Structure formats: C-alpha cells, structure tokens
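S.K.: Supplied in structure tokens, the structure appears directly below.
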Amino acid sequence: MENISLVETILYQKVKETPPYSWFPSSPQLIEIMLKEAQITPGLYGLEPTAGDGVLAEAMVQAGAIVDVIEIDFLLRQILFQKGFNLVGCDFLTSQPQRQYNRILMNPPFSTNKVRGIDLAMIQRAYHLFLASSGRLVSVVSNSMNIKNDERAQTFRGFLKQTKANVIKLPLEIFWGTLRPVTVETYLIVIDKASEF
C-alpha cells in the first residue's frame, strides 16, 4: 500500500479492530496465481464483485484491466473509494450488471452469518449475469463444493461440469501473509464462457 492517505490509515485501523465477518483478503501468492490464470491483456474490462479492500482489483489494474468493484461492507467501500475505484454496487447478490466483463476475478466470502456456501451462488451469478461472451472467470471456492451434499453444492458441481471448469487445488496456507491469516482448504476455478453466435 504505497502512498496511503491518512484517511485510508484510519479506515484500515477500524477494519482491523472489527474485521467484517467473511472478509479474508487475497494473499500476494494467491493474487499471483489468479493473475496467471486470468491472462489479462491491457484494455479488458474487469470486475471484482466482492472487492474487500481492493488488493485483487489493484493487481488487475496493474495488469492493464479497466476495473469496476462491488463491496457490501461500508468501511471497505470507503477504502475502495479512497483508492479511486469505480464502485458499481454494494451487494453483489442484488446488484445488476452495468456492462459485461471480459474478466471476473473473485475471492468471495464462503459464508455469511446467515448462509453457508454463499460462494457457490456468487460464482454462478457472476458467470451467468456479469461475464461477457468469450470472457474468463477466475475464483477462489471453498471445499464445501466437495463435502456438502445439499442442493446448492450439487447444483454447483453440475455447473462446473457443464462449463468445463478447470479446478485447481490451492495450498492450505494460501491465505497466510494477509491481515487475516487462516489455514483453509480451497480451490481455484477457471471458467471460459463460450462465444454466443
């Protein structure tokens, strides 16, 4: 975080004191893997629909993408605003697309205080509503897609099969080196959206 403003410093302090329930920022190692899989070229339109404090979105910008963000937490939205991001919504599950995106990179929450496995719903929503034809979605996903047998998990497994998703197992320590380090079993999914004729 170079050239961080006083306002950003204060906002980060508040976030650290009371971290949002499902906020686990992307580590440098995770971002590197995601960018490699995303194959961003300058001028592509990108979306980070659960942007947190914007570290993944910043990496997309550095790779040359024109990036929009969505974030539900008020304090994190303020940080994104301070960083100059174009906020196009507050709650990804109710936001409507203002455009179709060539690349969607996301590290969604795995659950909220009310819903477990929310990442599965968010990934499908991103693909169906926000991803452009011939676009690519790269997302972290929890192991709930493998271990749960409820309707949400079964539907998601069918979605991965239908879209011919590439599923990559991530290291258990992939979230170390962040403001909220955690050891968790996760995967990266990479999905290309077929061209529509």
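The values are calculated or read from the model by the stated rules, or taken from the named source; none is laboratory data. Being a predicted model, the structure only gives us computed values, none of them experimental. Using ideal geometry, Cβ is built from the backbone for each residue, glycine included, and neighbour counts are taken over all protein chains shown.
S.K.: Starting from segment 1-22, take each residue that is under 13 Å from residue 73 (Cβ atoms) and at pLDDT 75 or above and list its partners that are of a type in the set (A, V, I, L, M, F, W, C) and part of a helix (DSSP H, G or I), counting only C-beta distances under 7 angstrom and pairs at least six apart or across chains.
M.R.: 11/75; 11/79; 14/75
S.K.: Could you tell me how many of the residues in segment 11-27 are surrounded by 11 or more Cβ atoms within 10 Å (Cβ to Cβ) and part of a helix (DSSP H, G or I)?
M.R.: Qualifying residue count for the region: 4.
S.K.: Shifting gears a bit: Got a number for residues in segment 153-166 being touching a strand residue (DSSP E or B) at 6+ places or on another chain (Cβ under 9 Å) and either β-branched (Val, Ile, Thr) or farther than 16 Å from residue 187 by Cβ (or both)?
M.R.: So the count comes out to 1.
S.K.: Could you list, in sequence order, all residues of segment 61-87 that are surrounded by 17 or more Cβ atoms within 10 Å (Cβ to Cβ) and part of a loop (DSSP other than H, G, I, E, B)?
M.R.: 63, 65, 70, 71, 72, 73, 83, 85
S.K.: Which of the following residues is touching a Lys or Arg at 6+ places or on another chain (Cβ under 7 Å) and under 23 Å from residue 31 (Cα atoms): 170, 131? Walk me through how you get there before you give the answer.
M.R.: Working: 170 fails: touching a Lys or Arg at 6+ places or on another chain (Cβ under 7 Å).
Matching residue, one of 170, 131: 131.
S.K.: While we're looking at this one, here's another question. Evaluate segment 44-52: report whether one residue or more is surrounded by fewer than 23 Cβ atoms within 10 Å (Cβ to Cβ) and closer than 21 Å to residue 170 by Cβ.
M.R.: Quick first cut of segment 44-52, residues surrounded by fewer than 23 Cβ atoms within 10 Å (Cβ to Cβ) only: 44-45.
Applying the additional criterion that residues be closer than 21 Å to residue 170 by Cβ yields none.
No, there is no match, as no residue in segment 44-52 is surrounded by fewer than 23 Cβ atoms within 10 Å (Cβ to Cβ) and closer than 21 Å to residue 170 by Cβ.
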